[in-house]
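The values are calculated or read from the model by the stated rules, or taken from the named source; none is laboratory data. Please read all numbers here as calculations on a predicted model, not as lab measurements. Accessible surface is based on the protein model in full, side chains and every heavy atom, while ligands, DNA and RNA are left aside. Shrake-Rupley method; radii C 1.70, N 1.55, O 1.52, S 1.80 Å.
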Amino acid sequence: MRGGSRLLAGVLAAAWAVVYLATQVLVDPPLGVLPTLAAGLVVSTVVVLGYPSALRGPRGGPRGGARGTAAASRRSWRPSRPRDPRGVRDGLTIAAAGRSMPLRNGLTADAARRTAQLIKPLLGGDAVAITDTEQVLAFVGPGADHHHVGGTLQTRVSRLALDKKRTVVMHARDGIGCPEPDCPLRTAVVAPLAVADRVVGTLKVYRVHDEPAPRVLVDDMASMLSLHLELAEMDRERHLASDAKLDALRAQINPHFLFNILNTIASKSRTDPDESRQLLLRLSDFFRYAVRQDGHFAEFSQEYFFVRTYVSLEQARFGDRLRVRYDLDPQVLTSRVPVLVIQPIVENAVKHGIADSVTGGTVQLRARVDPLTRTTSIRVSDDGAGMAPEVLDRLLAGKRPGTAGPRHSGVGLWNISQRLDSLFGDRYSFDVASTPGKGTTVDLQIPLR
């Protein structure tokens with residue numbers, strides 16, 4: 001811009017000099033001031049309007065001439081790209097690929113195949129293979145006709161990398177050790193894949209000419225894949241631990257629930273055998289539901305069935321002393337909630353709120369879905385005896401009222417909170433408020449599923 005402005009200023013100065021010579025020096029008599037200024041303005045206007053066209057040069061086609069060349073250069077300009085495979089571009093590409101690496105789900109044949117296809121263009125090799133310690137999980141490129149997926153490891157270089165637990169580079173076909181005489185692969189870089197200190201497989205990059213793929217690049221990719229495999233194993237172990245913990249908590253809940261039901265049935269079998277048979281039928285419904293369960297979540301409607309089954313059994317025991325009201329948003333019936341959480345809360349309301357009251361009381365179950373916050377809210381309240389603050393604290397801490405040790409039976413509010421911790425982390429709220437003589441309210445809010 002500065003060069004163009006200076007050029008324009010110079011052209012204007014020269015134009016005015018020409019006007020001065022033409023109007024004041026070369027003519028006799030000289031022209032007056034007004035004709036001279038008019039001539040100067042006309043020449044200046046012509047120079048200014050013609051200046052951009054003069055800079056652009058002669059017009060051509062869309063891609064011809066100076067204008068076309070300049071435009072084309074503006075459209076096609078890109079930053080220069082380093083050819084070094086360890087450069088910034090390749091690093092960013094590998095990092096971007098790493099964020100969606102299929103091996104994040106574990107070292108399986110399908111994940112290995114998709115990973116090999118994804119990383120092959122990034123490693124500068126003609127063929128890429130991923131193996132575990134015994135067999136080929138994926139092979140992409142020349143040689144796939146005899147390096148069969150699912151087959152045992154054929155090359156010596158693979159065993160060498162597994163045994164030494166370090167990257168091995170082979171510069172000649174004989175070093176690869178493929179038993180196939182017509183194998184086109186001539187060089188190889190084989191890096192071990194490790195989880196902690198344990199080698200679980202290899203990443204192999206082959207070329208069909210005498211220069212092997214860059215070792216540093218293969219090492220970096222193997223480290224990235226190893227990290228994803230380690231994260232996958234940590235996920236698997238965490239899920240197993242979580243499942244074992246939840247199953248143990250469910251095991252604590254189920255016997256307690258069944259114990260109360262069987263006690264009720266036993267008491268009715270002597271006074272009213274017909275009603276006892278009806279209660280047994282309801283109990284069989286519970287068994288069918290329990291056997292069908294797979295996982296730790298169920299539809300609210302199924303848990304609602306649990307609650308109704310439990311309430312019908314307890315009403316057979318308490319009669320008119322136990323009253324239950326349901327206030328449910330129809331949308332909540334299809335939401336998914338943790339298995340065996342709502343019924344134990346209702347059971348606590350009956351046991352600690354209504355059972356010790358001579359006149360009984362009312363338990364209310366209220367459930368709502370909030371589509372804006374995507375949460376399911378559940379409230380169980382009673383107008384029974386309530387609990388003193390120290391009793392509530394002990395129950396929340398997993399201890400029996402009046403004892404110093406932990407609870408040895410029963411569901412407990414502590415067990416419920418432990419299950420919710422395992423399922424939701426910090427994405428839930430579980431609040432309990434109780435006033436002696438006025439009742440207890442339990443508010444549960446969980447993510448909508």
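Accessible area per residue, 1.4 Å probe, Å², for segment 174-237: what's the number?
Per-residue value: 44 Å².
How would K204, K268, K165 rank on accessible area, largest to smallest, probe 1.4 Å? Mind showing how you got there, number by number?
Working: K204 5, K268 40, K165 125 Å².
Ranked list, largest accessible area first: K165, K268, K204.
With every protein chain present, what accessible area does V47 have (1.4 Å probe, heavy atoms only), rounded to the nearest 10 Å²?
Accessible surface of V47 is approximately 30 Å².
For S312, what accessible surface area do you get with a 1.4 Å probe? Give it in Å², rounded to 10.
30 Å²
Which of rounded, prolate or oblate describes segment 132-200 when judged by the alpha-carbon gyration tensor and an a/c cut-off of 1.5?
oblate
Please give the length that would be gained between A13 and A388 if that part of the chain were fully extended, namely 0.36 nm times their separation in residues minus their C-alpha to C-alpha distance (nm, one decimal). Before the final figure, lay out each step's value.
Working: separation 375, 0.36 × 375 = 135.00 nm, distance 9.97 nm.
The span from A13 to A388 would gain 125.0 nm if fully extended.
How far, in nm, would the chain grow between K438 and F424 when pulled straight, counting 0.36 nm per residue and subtracting the alpha carbon separation?
That works out to 1.9 nm of additional length.
For L258 and L333 in the same chain, what is the full-extension length gain: residue separation times 0.36 nm, less their Cα-Cα distance, in nm?
Details: separation 75, 0.36 × 75 = 27.00 nm, distance 2.47 nm.
In short, 24.5 nm is gained.
Can you pull the percent of segment 146-220's accessible area that's carbon plus sulfur, 1.4 Å probe, other chains left in place?
Answer for segment 146-220: carbon and sulfur cover 50 percent of the accessible area.
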